[in-house]
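Notes follow once the structure below has been shown.
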Amino acid sequence: MWTRKCIILLALILFSQLVGGSSTPLRELIFVKVVFSNSQKNTIEYFQVLDNKISFSIKTSTVKNVTIIIDPRSGIRPTTVKVNGETVPPGSPSLHYGLYDLNIDTESIGTGTYEVFFEEYNRLPIVFVLFIPENFTKIDVKEKIYANIEKWKTFGYFVYVLTLEEGVVTINTSKPFSLLLEKEVEYMTPLGPSKGKELIYYVQDSEFTVEGDVISLAYKPILLFYENVFVSNSKTIRVSDIPATGLNGTYFLLLYKPEYVESLSVSEGERVASLPFNLSIGEHAAYIINKAHLVSIEYKVREVEVLLKGKEAGLPVLNVEIESDGRIYTIENVRNVIHIAPPLKLPIKMSLYYNGFKVGEYLLYTLYDRLTLDVFLSRVKAYVTDISGKELKQGKLLLYSLSEAIENEFTIQDGEADLGFLPEGEYLARVIVDGVEVSRMLFNPTQVADLNLVCRVSDVEITIKDLDFNPIKNLTVILKEVSKYSQVTDSNGVARFEQVPLSTYEIRVLSNNTLLYMKNIDLSVKNKFNIILELRSLKIKVVNILGNPIRGAQITLVSEDGKIEKTGRTGEDGKFCFSLLPLNTYRITCKVGNYEKSLKFTLTDYGNNFMIIKTDIYFTLFGFAFDTKTVLLVCVAIFIILIFIKKSREKGEIEIV
C-alpha cells in the first residue's frame, strides 16, 4: 500500500515539474481610475488593465462623459479608443487627452461598449519635472535645437499650426493627439491681410508629420526629467540636480496627488492650475520652480482599505505579507479588508497566506482606496455518488496539488466531503473505497468549486440457485479483491452487497465452511449475477406396503466415493429432502426400527430427483417395524400356538374355565 502511494506521489511531483508553474503565480496588477459623470453626480470605479486595455459599457445617455485617470507610476499612457469595435478617429473632438488622463465625451459619441487601449511608457515616480520652452520653434530647425538635451526625455509636443480660415490640417501619427486651442486670426500675405486660424495641438508622440493647408508650422516639446527624485520612508521626496536645458522656458514640478493624499507641502515654487494651453494634468498638482534649487516635498497620506474578494461571499482568515521599498512586514488575521498606509514608491508586493501556505501574490503598480483584489481562493465541496446517483455512504477522498505535490485526505460522509478553501492551481481528486480507486477528477478551484464525482461503485445482487432453479438460502457469498465482502443469501437465494467498487472479484460460495463455488466475476460489466450451482436436492418419501407414509424413518445418504454422508428423518408426510447434493451416485439406506432397506440412486442434471422408498412394513409398534417377513413369522407363531392349545385341550392338558 505504501509502495503504491509513494509511486503516485513521485508521479505527481514529476508531473508538476513537467507542467511547471505554481499555484500562486505573481500577478502584476495595474488599475486605472474611471469617473462616470452625469448632470447630478460622479461615480468612481477602478478597472484593471488587462491586455493593455479596459472596457466598460455606457447604456444610457445620462452619462455625459467619462474620465480615465492614470497613475504615472503605472508605466502606461492612454492611446486608442474604440466604441462598439470601431476606432474613434485620432484627434476627434470627443477625445481630450491630458498629461495622464483622458476625457471622453460619451454624450456626443453615444451608448455602447467602450474599449480604451494603453501603451507602455516609463514608470515615473510620484514626483517628476517637466520643461516647456518659452517659444515655438520652426519645424525645420527641430533636430538642431532639441536632439541632444542631456537626461531629458521627450514626453510629447505642443504643435502650432497657422491655416486658412476653412483650411484642413492632418496630423499623421499612430499616437493620441488633441486640439487644445482654436482661434481666428489675421495674417499678412503679399496681397495684404487675410483671415485664418491658429491651431494648437497636444501630440503624444515624437515622430509625426503635419499635412494639409499649412501656412506656418512650429512646435515646442514637453521635456521630462525624473532621475534625481529620491523617495524616503518618511513620506519626504527630494528633487535635486535638475539639469539645465540651455533654453528659455519654464520648469514645472508635477506631483501626483491621489485621493489618499491629505496634504502636501513644497519647499519652493508657485502652484499653477494647469500647464500651458490648459493641457489637463489630471490628479497632479503643478508648481513652477527654479531648477537651480533643491526641492523638498512633504506628503501626508491617510490609511486606505484594500478589499479582498473571493469567489464566494466569505474568505477565511488570512495573513498578509507586504513588501515595499525593501521593507517587509506582516498583517495577521485579515479576512476581507487590508488596512495599509500607501507608500509613495511603487510597486508594492502583497502576499496572502492561508494555513501557512501562500495563496496569492500581487505586485501592485497602482493603489487606490477601496481597491478590490480578487483572491483566487475558493471553498470546494465534493459531492460523491455511485453510478446510480445514490450518495456514497463511506470512503475517502485523496486530494493532490499538482503544483505543490502535496497530498491531503478527507473522509466522505453521506456523499459529501468538504475540502475547505483551496488556492488556484491544478488538483487531482481521487475517491478511494476499500482500497480501490473508484473515481478521479482534475480541476482548478477557481473554475469549479463544486465537484460532482460519480464513482464506479454500485449495489450488487448475486442470486444463487440449484440446477432445478430453486433459490438456495443461508449460503455465504464472499467477494474478494483488495477488500473482502461477505453476505448471506436470503430466502430468495439473493446476497445483496451495497456500494461495492466495480472491479474483478473472486467470488466464493460456501455452505457451512464448505466451498461450493469459486470463480472470477467482472462487476464493471454488470452488477447482477445469477449463479447456478451444479447441485440438486433429492426428495425421498418412505411409505409402507400399503402406500401410507412412514414418519420418523431414518434416511442415510452416502456418496459412492464416500466423501458425502448425510442423515435425516422423515416427517408426518413421510418425506425428507437432501439439499445441495453434487451430481453423483448415492447409496440410500432407510431404517425403520429393526427394518432396513438400501438402494442406489444416481442424481443427474436433468434426471428425476424424487424417489419413493416402498418398504415391506405394514405398521410399527413401539418402534418395532412389522414387515412382511415379521408378520408372516408372527402369523406362523400364532398358528402354532393355536394348534398347540387345541391339541393340549384335546388331551385334557389345558382346562379352559
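The values are calculated or read from the model by the stated rules, or taken from the named source; none is laboratory data. Just so it is clear, the structure is predicted and the values come from calculations on it, not from any experiment. Quick reminder, even Gly has a Cβ in these numbers, built from the backbone with ideal geometry, and neighbours come from all protein chains shown.
I'm checking my understanding of the structure. Among residues of region 450-489 that are closer than 26 Å to L603 by Cβ and among the acidic types (D, E), which one is nearest to the chain's Cα centre (by Cα)? Filtering region 450-489 for residues that are closer than 26 Å to L603 by Cβ and among the acidic types (D, E), the one nearest to the chain's Cα centre (by Cα) comes out as D466.
Give me the residue from region 435-466 that is among the polar types (S, T, N, Q) and more than 19 Å from V482 (Cβ to Cβ) and, out of that set, modelled with the lowest pLDDT. Step by step, filter region 435-466, then rank; the result is T446. Of note, E119 satisfies the criterion of being among the charged types (D, E, K, R), surrounded by 14 or more Cβ atoms within 10 Å (Cβ to Cβ) and closer than 29 Å to R238 by Cα. In the set N278, N336, which member is of a type in the set (S, T, N, Q) and not assigned by TED's automatic domain parsing to the domain that holds L224? From the options N278, N336, the qualifying one is N336.
Has region 247-256 got any residue that is touching a strand residue (DSSP E or B) at 6+ places or on another chain (Cβ under 9 Å), at pLDDT below 90 and either under 28 Å from T372 (Cβ atoms) or not in a strand (DSSP E or B) (or both)? Yes, some residue in region 247-256 is touching a strand residue (DSSP E or B) at 6+ places or on another chain (Cβ under 9 Å), at pLDDT below 90 and either under 28 Å from T372 (Cβ atoms) or not in a strand (DSSP E or B) (or both). Picking from residues in region 586-640 that are assigned to a strand (DSSP E or B) and among the basic types (K, R), the one that is surrounded by the fewest Cβ atoms within 10 Å (Cβ to Cβ) is K600.
Table: residues versus (1) buried (at least 19 other Cβ atoms within 10 Å of the Cβ); (2) among the polar types (S, T, N, Q).
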site	(1), (2)
T67	yes, yes
P72	yes, no
R77	yes, no
G85	no, no
P89	no, no
D101	yes, no
G112	no, no
I126	yes, no
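Only residues that are of a type in the set (F, W, Y) and touching a residue at least 40 places away in the same chain (Cβ under 8 Å) were counted in region 270-301, giving 2.
V306 - would you say it is touching a His at 6+ places or on another chain (Cβ under 9 Å), surrounded by 15 or more Cβ atoms within 10 Å (Cβ to Cβ), of a type in the set (V, I, T) and modelled with pLDDT of 95 or more? The answer is yes for V306. Within region 225-246, the set of residues being outside any strand (DSSP E or B) and of a type in the set (S, T, N, Q) comprises N228, S232, N233, S234, S240, T245.
L422 fulfils the conditions (1) buried (at least 16 other Cβ atoms within 10 Å of the Cβ); (2) in a loop (DSSP other than H, G, I, E, B) except for a single criterion, (2). Per this entry, L398 is counted among residues that are more than 30 Å from F578 (Cβ to Cβ), without any contact (Cβ under 8 Å) to a residue 60 or more places away in the chain and aliphatic (A, V, I, L, M). Based on this model, can you work out whether V438 counts as touching a Cys at 6+ places or on another chain (Cβ under 9 Å) and within 30 Å of L318 (Cα to Cα)? Taking the combined requirement at face value, the residue does not satisfy it. Right, L164: surrounded by 15 or more Cβ atoms within 10 Å (Cβ to Cβ) and touching a helix residue (DSSP H, G or I) at 6+ places or on another chain (Cβ under 6 Å) or not? So L164 fails the test. For the residues L346, L363, the requirement of being touching a Lys or Arg at 6+ places or on another chain (Cβ under 7 Å) and assigned to a strand (DSSP E or B) singles out L363.
Among the candidates D414, D386, D418, D369, the residue that is free of Cβ contacts under 8 Å to residues at least 24 places away in the same chain and either more than 30 Å from S324 (Cα to Cα) or in contact with a strand residue (DSSP E or B) (Cβ under 7 Å, 6 or more places away or on another chain) (or both) is uniquely D414.
Of all residues in region 341-369, those that are of a type in the set (A, V, I, L, M, F, W, C), out of contact with any Gly (no Cβ under 8 Å at 6 or more places or on another chain) and crowded, with 19+ Cβ neighbours inside 10 Å total 6.
Inspection of region 158-168 finds no residue satisfying the criterion of being in the same structural domain as L247 (by TED's automatic domain parsing), free of Cβ contacts under 8 Å to residues at least 40 places away in the same chain, under 16 Å from L279 (Cβ atoms) and part of a strand (DSSP E or B). Scanning region 203-219 for residues that are of a type in the set (A, V, I, L, M, F, W, C) and either assigned to a strand (DSSP E or B) or within 16 Å of L164 (Cα to Cα) (or both) yields V203, V210, V214, I215, L217, A218.
Return the pairs, sorted by first residue and then second, in which the second residue is in a helix (DSSP H, G or I) and modelled with pLDDT under 80, the first residue lies in region 634-651 and is farther than 22 Å from F624 by Cβ and of a type outside the set (S, T, Y), the beta carbons are less than 9 Å apart, and the residues are 6+ apart or on different chains. So the pair list comes out empty. For region 574-589, the criterion of being outside the structural domain of G493 (by TED's automatic domain parsing) and without any contact (Cβ under 8 Å) to a residue 24 or more places away in the chain is met by none of the residues. Scanning region 382-401 for residues that are assigned to a loop (DSSP other than H, G, I, E, B) and surrounded by fewer than 22 Cβ atoms within 10 Å (Cβ to Cβ) yields I387, S388, G389, K390, K393. Of all the listed residues (E28, E45, E115), the sole one being under 24 Å from G156 (Cβ atoms), in a strand (DSSP E or B) and either of a type in the set (D, E, K, R) or free of Cβ contacts under 8 Å to residues at least 12 places away in the same chain (or both) is E115.
So, of the residues in region 125-153 that are among the charged types (D, E, K, R) and at pLDDT 65 or above, which turns out to be farthest from I237 (Cα to Cα)? Only one residue tops the list, namely K138. Filtering region 307-339 to residues that are touching a residue at least 60 places away in the same chain (Cβ under 8 Å), assigned to a strand (DSSP E or B) and more than 26 Å from the chain's Cα centre (by Cα) leaves only R327. Checked against the criterion of being assigned to a strand (DSSP E or B), touching a Pro at 6+ places or on another chain (Cβ under 9 Å) and over 27 Å from P423 (Cβ atoms), the candidates S458, S491 yield just one match: S458. One residue stands out among those in region 45-74 that are modelled with pLDDT of 95 or more and among the small types (G, A, S): the one that is farthest from the chain's Cα centre (by Cα), which is S74. Scanning region 594-611 for residues that are closer than 19 Å to L580 by Cα and hydrophobic (A, V, I, L, M, F, W, C) yields F601, L603, F610, M611. Only one entry of I222, I200, I237 meets the criterion of being β-branched (V, I, T), surrounded by 16 or more Cβ atoms within 10 Å (Cβ to Cβ) and more than 30 Å from T163 (Cα to Cα), and that entry is I237.
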